[in-house]
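In what follows, a structure is listed as structure tokens, so that the remarks can point back to it.
The values are calculated or read from the model by the stated rules, or taken from the named source; none is laboratory data. These figures come from a predicted structure and were not determined experimentally. Positions of Cβ are backbone-derived with ideal geometry, glycine not excepted, and every protein chain shown enters the neighbour counts. Only protein heavy atoms, including side chains, enter the accessible area calculation; ligands, DNA and RNA are left aside. Shrake-Rupley method; radii C 1.70, N 1.55, O 1.52, S 1.80 Å.
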Amino acid sequence: MSLAKRAFELQQVDLLIQSQHKQLEDMDLRLNHNTAVEQAQVSLASAENSCSELEKQYKDLDAEAEALRTNITRINEKLYGGKIKNPKELLSFEQEAGMFKATLSKKDDTLLEMMENIEAYKQGIKKLQEIYTAAASAWDKEKAELQVQSQAIKAELTGLDTKHKEILSALDKDTLAAYEGIRGRKGIAVVKVEQGRCLGCRVTLSISELQRVRGNAIVLCDNCGRIMYLS
Ligand SMILES: [Zn+2]
């Protein structure tokens, strides 16, 4: 087997290993992050937050309304208890009770409105929980599939590593150094020659270059500097 062919095979294995690692990285990303689940979580948390804030406001306002009711009861007891006889004093209590009742009526309206909003939030939260559950279960399913694929790729990589070692052991130092140097600079180090052209740069080779490529030695393309391989 020519040195160029060995270098070409090494490159095939290297590229495969590289792409398998890239796939594993992508899979890791999908195993650790899921936009649908994350968005559902954010929406749900935000709705729950708003709802509990509203419930807190409702509770405070309800306490205020309760205090007003107590006050009105207290004034009514004075008004109708028979102990107060002074008409001026009675009138003043009546006015006070009237004011409290008006305020209470407004608060009761607001409370009703708030209760409706809270109910609407709870309905919304229920839907968001369903969305979240569906997204999470879809992700679980995806994760299970990804684990299987990831195991398969890891097994393939073990095979590729063995092959990589085999090729390396059959390759001389100079060829390996040339290969690694070009690969580091250009990404692709070994290119095929087809119909008299270097496929790395599409430049047609001279007759003497072609003859050299046919030999066993490593020949670099004059134009793109890559190792040429005649299959
Ligand atoms: Zn070239």
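From the list S92, S46, the one residue that fits, being open to solvent by less than 90 Å² (accessible area, probe 1.4 Å), of a type in the set (S, T, N, Q) and closer than 27 Å to E142 by Cα, is S46. Within the stretch 201-230, the set of residues being open to solvent by 30 Å² or more (accessible area, probe 1.4 Å) and near the ligand (Cβ under 8 Å from one of its atoms) comprises C201, R202, V203, D222, N223, R226. The numbered conditions (1) closer than 22 Å to S19 by Cα; (2) assigned by TED's automatic domain parsing to the domain that holds Q11; (3) in a helix (DSSP H, G or I) are all true for E209 except (1).
The residues on offer are E166, E145, and the sole one that is farther than 30 Å from C51 by Cα, acidic (D, E), assigned by TED's automatic domain parsing to the domain that holds C51 and open to solvent by 50 Å² or more (accessible area, probe 1.4 Å) is E145.
Do we find a residue being assigned to a helix (DSSP H, G or I), touching a strand residue (DSSP E or B) at 6+ places or on another chain (Cβ under 8 Å) and among the polar types (S, T, N, Q) anywhere in the stretch 31-47? Scanning the stretch 31-47, I find no residue that is assigned to a helix (DSSP H, G or I), touching a strand residue (DSSP E or B) at 6+ places or on another chain (Cβ under 8 Å) and among the polar types (S, T, N, Q), so the answer is no.
Please tell me if R183 is of a type in the set (K, R), within 25 Å of L15 (Cβ to Cβ) and within 11 Å of the ligand (Cβ to nearest atom). Taking the combined requirement at face value, the residue does not satisfy it. One residue stands out in the stretch 186-200 among those that are at negative phi and more than 42 Å from the chain's Cα centre (by Cα): the one that is farthest from the ligand (Cβ to nearest atom), namely E194. Cβ separations smaller than 6 Å between residues 6+ apart or across chains give the following pairs from the stretch 1-28 residues that are under 19 Å from V191 (Cβ atoms) to residues that are open to solvent by 60 Å² or more (accessible area, probe 1.4 Å) and not basic (K, R): S2/N216. K83 meets the conditions (1) of a type outside the set (A, V, I, L, M, F, W, C); (2) assigned to a helix (DSSP H, G or I); (3) more than 30 Å from L44 (Cβ to Cβ) in every case but one. The failed one is (2). Looking at the stretch 186-205, can you tell me whether even one residue there is assigned to a helix (DSSP H, G or I) and not small (G, A, S)? Yes, the conditions are met somewhere in the stretch 186-205.
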